[in-house]
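Read the structure below first, then the notes.
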Amino acid sequence: MRLRRAGGPALVRHLPGLLLALAFILGAALPGTALAQGEVRKSFDDWQLRCETPAGAKSEQCALVQYVAAEDRPNLTLVVIVLKTADNRGYLLRVVAPLGVLLPSGLGLKIDNNDIGRAGFVRCLTTGCVAEVVMDDGLLRTFKAGKQATFIVFQTPEEGVGIPLSLKGFDTGFESMK
């Protein structure tokens with residue numbers, strides 16, 4: 001299974017959804033502002049469902065969110081966000097990594113020790129660098145059936161750091177977003 005980067009001309013049509021996603025990124029990555037960018041509607045074990053109605057939007061938009069840190073490096077944190085695409089036809093996996101990660105190496109992903117692939121970083125903001133992929137049916141099934149994901153970030157070409165992410169509650173949380 002290959003991770004596919006989200007992007008292309010269709011993004012222009014989906015600006016409101018992208019603005020919500022940016023709000024989730026900024027809210028999730030800045031201490032003390034997370035609740036201002038979406039309230040925790042419900043917790044599903046290790047995942048939170050955060051929802052808000054963005055200014056000008058007609059309906060509430062929600063995302064599954066989990067905050068994680070490397071076990072041996074508490075300053076190396078990730079914010080993992082799963083949200084519907086703006087056209088409501090698919091889902092995005094968006095990961096915010098801290099500034100200072102090696103961008104050309106991308107973000108690696110393993111689920112239950114099976115190599116899923118790598119995604120490139122699409123942009124860096126003051127809050128961190130963002131990698132995102134469209135979640136196809138195969139990746140969704142793997143997330144739902146898995147127990148633990150490991151995201152790998154690189155600080156040097158030789159040094160990849162694995163950051164574990166619990167998938168406990170993902171299946172139930174994901175179903176609540178449908």
Which one of these is modelled with pLDDT of 95 or more and surrounded by fewer than 15 Cβ atoms within 10 Å (Cβ to Cβ): PRO74, PRO104?
PRO104
Output the residues belonging to the stretch 130-160 that are modelled with pLDDT of 95 or more and more than 28 Å from ARG89 (Cβ to Cβ).
LYS147, GLN148, THR150, ILE152, VAL153
If a residue must be among the hydrophobic types (A, V, I, L, M, F, W, C), part of a strand (DSSP E or B) and over 15 Å from LEU78 (Cα atoms), how many such residues does the stretch 101-138 contain?
5
Could you pull out the residue among PHE143, PHE154 that is crowded, with 16+ Cβ neighbours inside 10 Å, farther than 26 Å from GLU175 by Cβ and not acidic (Asp, Glu)?
PHE154
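The values are calculated or read from the model by the stated rules, or taken from the named source; none is laboratory data. Bear in mind the structure is a predicted one, so any value in this text is a computation, not a measurement. All Cβ positions, glycine included, derive from the backbone under ideal geometry; neighbour counts span all protein chains shown.
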